[in-house]
Amino acid sequence: MSSLPTIAVLISGSGSNLQALIDATQTGKLRAKIIVVCSNRKAAYGLERAAKAGIPTRTFSLKQFKDQGKTRVDFDVYMAKTIQEEYNPDLIVLAGFMHIVSPEFLSFFPRQNIINLHPALPGQFDGAHAIERAYEAYKQGKIQHTGVMVHKVIADVDRGQVILERPIPIEDKDTLEDLENRIHSIEHEIIVEGAQKFLDEL
Ligand SMILES: Nc1nc2c(c(=O)[nH]1)N[C@@H](CN(C=O)c1ccc(C(=O)N[C@@H](CCC(=O)O)C(=O)O)cc1)CN2
Ligand SMILES: NCC(=O)N[C@@H]1O[C@H](COP(=O)([O-])[O-])[C@@H](O)[C@H]1O
């Protein structure tokens, strides 16, 4: 019996997208095994989600590195080296991982097997706070809709090859919370579909 492909998930917060991945591996919708969940925030609730699912967790603190006089690149190299040498996953999924990884981090993964979920369409609102920025742009009449995408991770933030994207409507009566809820529900689908699509194309 062939073993399942392995996934490392990187998080920073609540982990609702991690939970979607966990649930999908349990129902068989995602034919893979999550072998580790890493967070750059020790208080991330997603770590509890992983523990409840029996998945090993690791935390990496940039502040600890800086307190020891080390650099952001030292932190990235340590994190990448740990993931690669201790777990060697077939796929790394950034699921709300709020840290821009350096070229040094990416150099540990020459197969470009890192994907990211981003709550915007390609080239629209790269970086953090994308949902709020899309909402403001809609209110200013600059856009008619927004979307979410799963893309490969390269040094240029949110500019990697798009694996899946999905448009998401915005309505005049929407509050920011309405839009966030609509986006999050689609995120939970597309992160699973995007991970499976990547693995199917390995
Ligand atoms: N080199 C890359 N790193 C990351 C990518 C990427 O495509 N290339 N995707 C991001 C995820 N992301 C948006 O999807 C994103 C996350 C965080 C930030 C950001 O500004 N982070 C700040 C810290 C913010 C905080 O701590 O709250 C930082 O890293 O200094 C921008 C975009 C994941 N990384
Ligand atoms: N630039 C990436 C980014 O902004 N990602 C955002 O972080 C959230 C993580 O939620 P979660 O911790 O509940 O999965 C996601 O909803 C996503 O919109």
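The values are calculated or read from the model by the stated rules, or taken from the named source; none is laboratory data. As the structure is a computational prediction, the values presented were derived from the model and not from experiment. Backbone-built Cβ (ideal geometry, glycine too); neighbour counts: all protein chains shown. Accessible surface is based on the protein model in full, side chains and every heavy atom, while ligands, DNA and RNA are left aside. Shrake-Rupley method; radii C 1.70, N 1.55, O 1.52, S 1.80 Å.
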Q. Per residue of the chain, what 222 nm ellipticity follows from adding -39500 (n - 2.57) for every DSSP H run with n ≥ 4, rounded to the nearest 500?
A. -12000 deg cm²/dmol
Q. Does a label point 7 Å from the Cα of Asp200, set along Cα-to-beta-carbon, have any residues of segment 96-121 with amide nitrogen under 18 Å, and which are they?
A. 115-116
Q: Positive end of the charge dipole of the chain (Lys, Arg +1 and Asp, Glu -1 on Cβ, about the Cα centre): tell me which of Ala53, Leu179, Gly194 has its Cα farthest that way.
A: Ala53
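Pulled fully out, how much extra length does the chain show between Glu193 and Lys33, if you take 0.36 nm times their separation in residues and subtract their Cα-Cα distance?
56.1 nm
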**Q.** Debye, to nearest 20: dipole size of the chain, +1 on Lys, Arg Cβ, -1 on Asp, Glu Cβ
**A.** 520
Q: Apply the Karplus parameterisation 6.51 cos²θ - 1.76 cosθ + 1.60, with θ equal to phi minus 60°, to every residue of segment 117-124 and state each ³J(HN,Hα) to the nearest whole Hz, in sequence, with x for glycine and proline.
A: 8, 10, x, 7, 7, x, x, 8
Q: Starting from the residue with the highest accessible area, list Asp76, Asp126 in decreasing order, probe 1.4 Å.
A: Asp126, Asp76
Q | Solvent-accessible ranking of Arg111, Arg58, Arg133, largest area first, probe 1.4 Å | A | Arg111, Arg133, Arg58
Q: Please state the charge dipole magnitude for segment 86-202, taken about the Cα centre, from unit charges on C-beta atoms (+1 on K and R, -1 on D and E), reported in debye and rounded to the nearest 20.
A: 280
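Which order do Thr175, Thr146 take when ranked by solvent-accessible area (1.4 Å probe, heavy atoms of all protein chains), largest first?
Ranking Thr175, Thr146 by accessible area, largest first, yields Thr175, Thr146.
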Q: Measure up Lys152/Lys173; Lys33/Lys66; Lys29/Lys152; Lys33/Lys70; Lys70/Lys152 against 25 Å on the Cα-Cα distance and list the ones that go over.
A: Lys152/Lys173; Lys33/Lys66; Lys33/Lys70; Lys70/Lys152
Q) Can you pull the accessible area of Glu180 for me, 1.4 Å probe, Å² to the nearest 10? A) 50
Q. At what distance in nm do the modelled label points of Ala43 and Glu132 sit from each other, each positioned 7 Å from its Cα along Cα→Cβ?
A. 1.7
Q) Roughly how many whole Å is it from the C-alpha centroid of segment 15-63 to that of segment 136-202? A) 21
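Carbon and sulfur atoms: what percent of the 1.4 Å accessible area of the chain do they account for?
51
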Q) Nearest-5 percent of antiparallel DSSP beta bridges in segment 38-190? A) 70
Q.
As a test question: what accessible area, to the nearest 10 Å², does Lys139 have when a 1.4 Å probe is rolled over all protein chains in place?
A. 100
Q) Between Ser14 and Gln112, what length comes free when the chain is fully extended (0.36 nm per residue of separation minus the Cα-Cα distance, one decimal in nm)? A) 32.7 nm
Q) What does the accessible area of Phe108 come to, in Å² to the nearest 10, when a probe of 1.4 Å is used? A) 60
